[in-house]
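Below: one structure, written as structure tokens.
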Amino acid sequence: MRYQAAPQPDLALIDSELGYSGYSTLCPKKLRIYVLQWMPLISAVGFRIDNMTVFPSQTDNIAYARSLIRTIADYPQPGVSFRDITPLLADGRAMHAVAHELLVQAQGDFDVVAGIEARGFIFAGAVATLARTGMIPIRKAGKLPKPAHRVTYTKEYGEDHLEVSPDLKPGMRVLLIDDILATGGSLKAGAHLITAAGAEVTQIGVVLELEGLGGRLVMPQTRALLSM
């Protein structure tokens, strides 16, 4: 089943019909109202009012998700500040908001979602569930019983390998998802692996971009929900 991106709602028109003015200046706690026919992907936390669905501002939800990311100093080694997304994963509101926005920002059609080991699996699976497509795991070497394709890429301290199963078919359109864009090495390798399998990467999305590590230069097409 191919996911087709929904047309975006005309918020100005909706506000005009509802008697609001200056939508962007409304207070952060105000509820957004989207016309149902323009938003087929309805949040599970939404509720119906006649022909409309009302749910909290997605901007507020993403800000809330960002607030859950904690910084751990000197991990995994002295001088390194580790961005820990575990609290975000443990929170239902944050997880749903992140998965929803990863899907919305894709802005294109795709047949399957691919996630890079390991935390990319979590978000890719959540996005695939919302889109009602399958999910293809891109794994480290030796983890698949029957890998069909492999790529080797350079890391800071040596080489690593990524593999994919034969379930990724030639001609498939793929939304590639990972948790973080850091140096861009694993995302670049994942995209090359998908191409080597004869499939097409239509969009690349991550939850968090770590600024200053050069990943944006390596993978400029990546869409990130958050940056730190």
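Listed by first and then second residue, the pairs linking a residue in region 187-204 that is under 12 Å from residue 163 (Cα atoms) to a residue that is part of a helix (DSSP H, G or I) and not β-branched (Val, Ile, Thr), with Cβ atoms under 9 Å apart and 6 or more places separating them unless they lie on different chains, are 190/120.
Out of contact with any Lys or Arg (no Cβ under 9 Å at 6 or more places or on another chain) and closer than 21 Å to residue 127 by Cβ, is that true of residue 223? Answer is yes for this residue. The listed residues are 145, 170, and the only one of them that is under 24 Å from the mean Cα position of the chain (by Cα) and either farther than 16 Å from residue 115 by Cβ or among the basic types (Lys, Arg) (or both) turns out to be 170.
When region 97-113 is filtered for residues that are surrounded by 20 or more Cβ atoms within 10 Å (Cβ to Cβ) and under 9 Å from the mean Cα position of the chain (by Cα), the ones remaining, listed by number, are 98, 99, 100, 101, 102, 103, 106. What tally of residues in region 173-183 results from selecting those that are modelled with pLDDT of 95 or more and over 18 Å from residue 121 (Cβ atoms)? Selection size over region 173-183: 1.
The values are calculated or read from the model by the stated rules, or taken from the named source; none is laboratory data. These numbers come from a predicted model, not from an experiment. With ideal geometry, Cβ positions are generated from the backbone for all residues, glycine too; neighbour counts draw on all protein chains shown.
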